[in-house]
Protein chains: 2
Amino acid sequence: MMITDSDQARPIPEPTLRRLPTYHHFLKTLEAEGREAVSCSTMGRELNLDPTQIRKDLAMTGITGRPKIGYVVTDLIGAIESFLGWNDIQQAFLAGVGNLGAALLGYQQFNRYGLDIVAAFDTDEAKIGRQVQGKEVMPLSKMADLARRMHVHLGIITTPAEHAQYVADQMVAGGIEAIWNFAPIVLSTPEHIIVQDEDLFSSLAVLSRRLRTRLQAMQ
Amino acid sequence: MMITDSDQARPIPEPTLRRLPTYHHFLKTLEAEGREAVSCSTMGRELNLDPTQIRKDLAMTGITGRPKIGYVVTDLIGAIESFLGWNDIQQAFLAGVGNLGAALLGYQQFNRYGLDIVAAFDTDEAKIGRQVQGKEVMPLSKMADLARRMHVHLGIITTPAEHAQYVADQMVAGGIEAIWNFAPIVLSTPEHIIVQDEDLFSSLAVLSRRLRTRLQAMQ
DNA sequence: TAGATTGTTAATCGATTAACAATC
DNA sequence: TAGATTGTTAATCGATTAACAATC
């Protein structure tokens with residue numbers, strides 16, 4: 001089936017979206033090696049994924065392959081980049097300049113993946129006015145107003161859990177539409193706000209349970 | 001159906017494991033307020049989850065509720081903690097003391113969630129020997145040997161993508177069984193090694209696509 | 001041509017949601 | 001008692017995997 005623009009309205013499966021950057025990274029290494037084409041079976045072997053699944057994921061980007069040959073590497077890279085919107089960069093505000101906040105501010109690579117953290121906010125007087133990773137820290141009280149004036153639609157929360165809800169409220173007040181939440185709490189926000197939780201404790205729960213099960217099995 | 005010890009052998013659904021820390025956090029706030037019991041409907045309303053789903057998740061921990069009353073808050077907290085193994089703490093090594101590595105080293109809260117990062121490793125001479133977040137940075141060349149001698153089974157990779165595979169190999173050589181991988185690449189490891197990927201670029205892909213779809217719909 | 005590979009439909013699998021009897 | 005809530009089975013939903021004809 002052909003993928004047309006109107007079809008794109010239907011939601012892309014989240015697992016597919018998560019895998020696309022993985023494909024992109026792998027394809028970039030192939031490109032660097034001078035490989036021109038690649039098959040789903042090859043990719044599946046390297047990435048531990050089912051080839052059919054890869055084929056379906058790639059079809060979402062609108063690119064087609066050729067039987068016996070596979071997909072053209074550079075075409076695929078371009079298709080993924082434009083599908084994920086890595087060309088037009090989203091501006092974002094970050095609130096909470098602790099260790100994690102500073103780490104995200106310093107993540108230069110974000111710029112190549114469609115994200116630009118343009119300003120950081122905190123309530124700590126000791127941090128306000130200072131530069132962190134080359135970005136000035138501003139008082140949280142100015143965030144909402146600035147977001148509205150700069151048309152920033154994405155907010156990143158890296159505060160401790162107890163301040164996260166207040167920050168989220170401020171972001172919503174500033175017209176922010178999507179929140180990337182690194183605080184381990186469930187935010188309460190208006191229906192239409194997109195919230196993506198990045199909860200390290202949840203991930204840790206999965207990992208440590210799997211490890212414990214394994215260590216027990218080894219005895 | 002009763003959950004017995006032998007049943008625990010069957011794998012717990014990953015989504016369930018991910019939600020348990022969320023319940024725990026919410027229950028802790030209820031406990032602080034002095035609430036003695038809570039129903040799944042109440043929790044579902046606060047956490048935006050289906051009550052039946054919560055009921056099934058909680059059943060995994062072995063705790064039972066009482067019709068009309070609900071669950072005893074403190075019992076539930078204890079059951080989740082022991083189910084997730086937050087009492088016996090896993091020791092871990094971290095490799096790659098950049099911004100993100102330093103942030104994880106400084107995450108005091110990990111200690112309450114069953115994780116203790118006991119040492120950090122890097123290849124950068126400027127970092128080796130220095131303390132970061134109160135933990136000494138040691139040369140990566142010593143990691144494998146130390147892991148084996150200290151019986152450390154969990155490794156955390158926070159290096160740039162290009163060094164992650166080498167670090168993973170070293171961890172495997174040191175007898176590490178599980179890897180928490182923050183580098184955005186697919187590691188190639190022996191079959192039995194547990195790898196959990198924490199790929200921020202994948203998460204970002206999901207979030208920025210959702211946001212873009214929404215901004216387009218708003219026009 | 002023969003065979004590897006694509007594109008696509010069908011079957012499977014697992015998680016979520018709905019339905020409902022049991023119970024406090 | 002009546003009604004809210006649990007525990008559990010059945011139905012639904014969506015993603016993964018298998019099957020297979022089309023094609024280079």
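The values are calculated or read from the model by the stated rules, or taken from the named source; none is laboratory data. Here the structure is a predicted model, which is why all the values come from computation and not from measurement. Positions of Cβ are generated from backbone atoms using ideal geometry, with glycine treated the same way; all protein chains shown enter the neighbour counts.
Between B:79, B:168, B:183, which is in the same structural domain as residue B:57 (by TED's automatic domain parsing) and either over 20 Å from the mean Cα position of the chain (by Cα) or under 20 Å from residue A:206 (Cβ atoms) (or both)?
Matching residue, one of B:79, B:168, B:183: B:79.
So which residues in the range B:66-89 are without any contact (Cβ under 8 Å) to a residue 12 or more places away in the chain and within 16 Å of DNA strand C (Cβ to nearest atom)?
If the condition is that a residue be without any contact (Cβ under 8 Å) to a residue 12 or more places away in the chain and within 16 Å of DNA strand C (Cβ to nearest atom), then B:66, B:67, B:68 are the ones that fit.
Taking strands (runs of 3 or more DSSP E) that fall entirely within the range B:131-205, which contain at least 2 residues that are modelled with pLDDT under 95?
So the answer is B:135-139.
Looking at (1) under 17 Å from residue B:204 (Cβ atoms); (2) surrounded by 15 or more Cβ atoms within 10 Å (Cβ to Cβ), which is the one condition that is false for residue A:60?
Exception for residue A:60: condition (1).
Of all residues being under 16 Å from residue A:211 (Cα atoms) and of a type in the set (Phe, Trp, Tyr) in the range B:68-109, which is farthest from the other protein chains (Cβ to nearest Cβ)? Just the residue, please.
Of everything passing the filter in the range B:68-109, B:93 is farthest from the other protein chains (Cβ to nearest Cβ).
Which residues, counting only those in the range B:66-91, are over 30 Å from residue B:33 (Cβ atoms) and either touching a helix residue (DSSP H, G or I) at 6+ places or on another chain (Cβ under 6 Å) or buried (at least 17 other Cβ atoms within 10 Å of the Cβ) (or both)?
B:90
Scan B:103, B:92 and give me the residue that is away from DNA strand C (no atom under 16 Å from the Cβ), among the aliphatic types (A, V, I, L, M), without any contact (Cβ under 8 Å) to a residue 12 or more places away in the chain and over 17 Å from residue B:17 (Cα atoms).
B:103
List pairs: first residue in the range B:196-219 and surrounded by fewer than 17 Cβ atoms within 10 Å (Cβ to Cβ), second residue of a type in the set (Asp, Glu) and not in a helix (DSSP H, G or I) anywhere in the structure, Cβ distance under 7 angstrom, at least six positions apart or on different chains.
B:214/A:177; B:215/A:177
Taking the range A:57-68 as the search range and keeping residues that are more than 6 Å from DNA strand D (Cβ to nearest atom) and not polar (S, T, N, Q), which one is nearest to residue A:16 (Cα to Cα)? Please lay out each step first, then the result.
Of the residues in the range A:57-68, the ones more than 6 Å from DNA strand D (Cβ to nearest atom) are A:57-65.
Now narrow it down to the ones that are not polar (S, T, N, Q): A:57-60, A:62-63, A:65.
On the way: A:57: 6, A:58: 9, A:59: 10, A:60: 8, A:62: 13, A:63: 15, A:65: 18 Å.
Ranking the candidates gives A:57 first.
For residues that are part of a helix (DSSP H, G or I) and of a type outside the set (D, E, K, R), scanning just the range B:110-119, find the one that is nearest to the other protein chains (Cβ to nearest Cβ).
My answer is B:113.
Does residue B:53 qualify as being of a type in the set (S, T, N, Q) and not in a helix (DSSP H, G or I)? Write out each step before concluding.
Numbers: of a type in the set (S, T, N, Q): yes; not in a helix (DSSP H, G or I): no.
Against the criterion (of a type in the set (S, T, N, Q) and not in a helix (DSSP H, G or I)), residue B:53 does not qualify.
Could you say whether any residue in the range A:40-60 is away from DNA strand C (no atom under 13 Å from the Cβ), assigned by TED's automatic domain parsing to the domain that holds residue A:180 and over 18 Å from the mean Cα position of the chain (by Cα)?
no
Yes or no: residue B:52 at pLDDT 95 or above, out of contact with any His (no Cβ under 7 Å at 6 or more places or on another chain) and surrounded by fewer than 17 Cβ atoms within 10 Å (Cβ to Cβ)?
yes
Can you pull out the residues in the range B:31-50 that are within 14 Å of DNA strand D (Cβ to nearest atom), part of a helix (DSSP H, G or I), of a type outside the set (Ser, Thr, Tyr) and away from chain A (no Cβ under 13 Å)?
As a first pass, look at the range B:31-50 and keep what is within 14 Å of DNA strand D (Cβ to nearest atom): B:35-47, B:49-50.
The next check asks that each one be part of a helix (DSSP H, G or I); those that pass are B:40-47.
Within this subset, residues satisfying the condition of being of a type outside the set (Ser, Thr, Tyr) are B:40, B:43-47.
Of everything in the range B:31-50, just one residue is within 14 Å of DNA strand D (Cβ to nearest atom), part of a helix (DSSP H, G or I), of a type outside the set (Ser, Thr, Tyr) and away from chain A (no Cβ under 13 Å), namely B:40.
Report whether or not residue B:188 is among the hydroxyl-bearing types (Ser, Thr, Tyr) and either more than 13 Å from every other protein chain (Cβ to nearest Cβ) or under 24 Å from residue B:18 (Cα atoms) (or both).
So residue B:188 does not fit the description; no.
crowded, with 18+ Cβ neighbours inside 10 Å, assigned by TED's automatic domain parsing to the domain that holds residue B:124 and in contact with a strand residue (DSSP E or B) (Cβ under 7 Å, 6 or more places away or on another chain): which single residue out of B:100, B:94, B:30 fits that description?
Step by step, each of B:100, B:94, B:30 is checked, and only B:94 is crowded, with 18+ Cβ neighbours inside 10 Å, assigned by TED's automatic domain parsing to the domain that holds residue B:124 and in contact with a strand residue (DSSP E or B) (Cβ under 7 Å, 6 or more places away or on another chain).
Suppose the filter is at pLDDT below 95, closer than 19 Å to residue B:199 by Cα and out of contact with any Cys (no Cβ under 9 Å at 6 or more places or on another chain); does residue A:85 pass it?
Here the answer is yes, as residue A:85 does meet what is asked.
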